[in-house]
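Enquirer: The structure that follows is given in the form of structure tokens.
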């Protein structure tokens, strides 16, 4: 069992707290905003029954999950005896630098300092720290207690042993680590997601398809495969002789498409007006919050289904 400090208990921090508590760790939560930790604990109490019913507590009870979560009045209280720190404060570089200076000063020397940032490179806010070798990014896909993939991104000076310790802790907590070999803007997830979004905006902007048609393509097409395999395994299985066969058959087709896929369409102006108008036809603005709840319930069902498959799966 590790002692985990959650620094920043907002939307991402509270979700991380569930991941680590479910993994059997002792979790202390701190936030600079009054009332934020109490809201995080209330959220845990709210979702715990659903997680238990879906079999997503990794063998623990609701009471055990909730008992593992402790509020901290001060940052130093949360960091006391911490083995691992998950920082989830606002995405501002100046703020990250200040927070990390405090974390490096206050956290035990052996504690890993992991940031949830989705956009800032770890080298940009850890370069001047005495303990920079223990700093890295652990970027989740929201919400991490239902979506297990997490990107581990080292700075150029991050100790390889710290990367492995983070990977091991996250894997033992039920996550699926993506261990990057070096940092790059957007990491892996947002670079892949961004490529798809750029093409989606292009197709709508140029009048080839509507917003709902593009969503249908993913929701009822590609995502059915992508729910349990990635793009390389997909093409490996989509040609009789595997990935090399697929590349030899279809590289030319994709190469011909590529020129028309390199023109960037702004996500603003008339294009955004069209996208927003079509989305609001399907979902009025006052229905967004309820639909977000619906999304998380569907993710819970999918996570439970995949967990049942995982437990019963036999390797060929």
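Enquirer: Failed condition for residue 300, given (1) surrounded by 11 or more Cβ atoms within 10 Å (Cβ to Cβ); (2) at pLDDT 95 or above, with all others met?
Expert: Unmet for residue 300, out of (1) surrounded by 11 or more Cβ atoms within 10 Å (Cβ to Cβ); (2) at pLDDT 95 or above: (2).
Enquirer: Would you say residue 42 is in contact with a strand residue (DSSP E or B) (Cβ under 7 Å, 6 or more places away or on another chain), at pLDDT 95 or above and assigned by TED's automatic domain parsing to the domain that holds residue 103?
Expert: No, not satisfied.
Enquirer: Across the range 119-142, what is the total count of residues that are more than 18 Å from residue 169 (Cα to Cα), at pLDDT 95 or above and surrounded by fewer than 24 Cβ atoms within 10 Å (Cβ to Cβ)?
Expert: So the answer is 10.
Enquirer: Now for a separate question. Taking the stated definitions as given, is residue 310 modelled with pLDDT under 90 and either loosely packed, with under 10 Cβ neighbours inside 10 Å or within 24 Å of residue 49 (Cα to Cα) (or both)?
Expert: Spelling it out, residue 310 is indeed modelled with pLDDT under 90 and either loosely packed, with under 10 Cβ neighbours inside 10 Å or within 24 Å of residue 49 (Cα to Cα) (or both).
Enquirer: Only one of 60, 14, 74 is closer than 25 Å to residue 151 by Cα and either surrounded by 21 or more Cβ atoms within 10 Å (Cβ to Cβ) or assigned by TED's automatic domain parsing to the domain that holds residue 127 (or both). Can you tell me which? Reasoning before the result, please.
Expert: Details: 60 fails: closer than 25 Å to residue 151 by Cα; 74 fails: closer than 25 Å to residue 151 by Cα.
On inspection, the qualifying residue turns out to be 14.
Enquirer: Also: Does the range 96-115 contain any residue that is at pLDDT 95 or above, in the same structural domain as residue 19 (by TED's automatic domain parsing), outside any helix (DSSP H, G or I) and closer than 14 Å to residue 20 by Cα?
Expert: yes
The values are calculated or read from the model by the stated rules, or taken from the named source; none is laboratory data. Since the model is a prediction, treat every value here as computed from it, not as a measurement. Every residue, glycine among them, receives a Cβ derived from its backbone with ideal geometry; neighbour counts consider all protein chains shown.
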